[in-house]
Amino acid sequence: MNEQWGHEGWERHLVQIQREYAVRRDRFVDLCLQHLKGKVDFTIPDAGMFLWFRVLLNSDMQNKPGAMQEVFDSMIANHVLLVPGYMFSPLGASPEVRDKPYIRAAFSYASMDDFEVAITRLARALEPFTSQVA
């Protein structure tokens, strides 16, 4: 690319991508705040193209072996494809990390028109695991 665009062209491209990711991030975050309140915590990223969620598991699911597998099964049933946090651990799928309540979501790939559908599906998938049992 440097040979085709030159250094200035490459820098223009990077600035364009930064702007696009900022717009996408802001829209994604707004929808998450609207639909996922009480279901997940997250920090708004200053850079990158991912949001890391910490699932706020209810008391029945906390420390339950296999809890996150149940969450991921529900996500699949609700047509949600996100990456479990343990997939990025140097420990892999070991018992120490497999049930940690983290999920990574990319806001760089899906169309912005699909964001709300995706996030409402995620909210529906998380509902049984995050609602407090009376």
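Overview of values
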| item | result |
| --- | --- |
| Volume per residue of the C-alpha convex hull in the range 6-134, rounded to whole Å³ | 117 |
| Solvent-accessible area, 1.4 Å probe, carbon plus sulfur percent, for the chain | 54 |
| FRET efficiency for Phe50 and Asn78, using Cβ-Cβ distance with R0 set to 22 Å, rounded to 0.05 | 0.60 |
| Against the rule of thumb 2.2 N^0.38 Å, how large the Cα Rg of the range 94-134 comes out | 1.51 |
| Separation of alpha-carbon centers, the range 10-37 and the range 59-94, rounded to whole Å | 26 |
| Accessible heavy-atom area order of Met112, Met87, highest first, probe of 1.4 Å | Met87, Met112 |
| Relative contact order (%) - the range 1-70, alpha-carbon pairs under 8 angstrom, separation at least six | 19 |
| 5 Å binning of all Cα-Cα separations within the range 54-122, expressed as whole percents from 0 upward | 3, 16, 25, 24, 17, 10, 5, 1 |
| The range 1-86: trypsin sites (Lys or Arg not before Pro) in DSSP loop, at most 12 other beta carbons within 10 Å | Lys37 |
| Per DSSP, loop chymotrypsin sites (Phe, Trp or Tyr not before Pro) in the range 26-109 with at most 14 further Cβ within 10 Å | Tyr109 |
| Surface accessible to a 1.4 Å probe, per residue, for the residues of the chain, Å² | 65 |
| Cβ charges +1 (Lys, Arg) and -1 (Asp, Glu), total dipole of the range 35-131, debye | 140 |
| By accessible area with a 1.4 Å probe, ligands and nucleic acids excluded, highest first: order of Ile119, Ile44 | Ile44, Ile119 |
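The values are calculated or read from the model by the stated rules, or taken from the named source; none is laboratory data. This is a predicted model, so every value here is computed, not measured. Glycine gets a Cβ as well: all are built from the backbone with ideal geometry, and neighbour counts include every protein chain shown. Quick note on the areas: whole protein, heavy atoms, side chains included, nothing else; ligands and nucleic acids left out. Shrake-Rupley method; radii C 1.70, N 1.55, O 1.52, S 1.80 Å.
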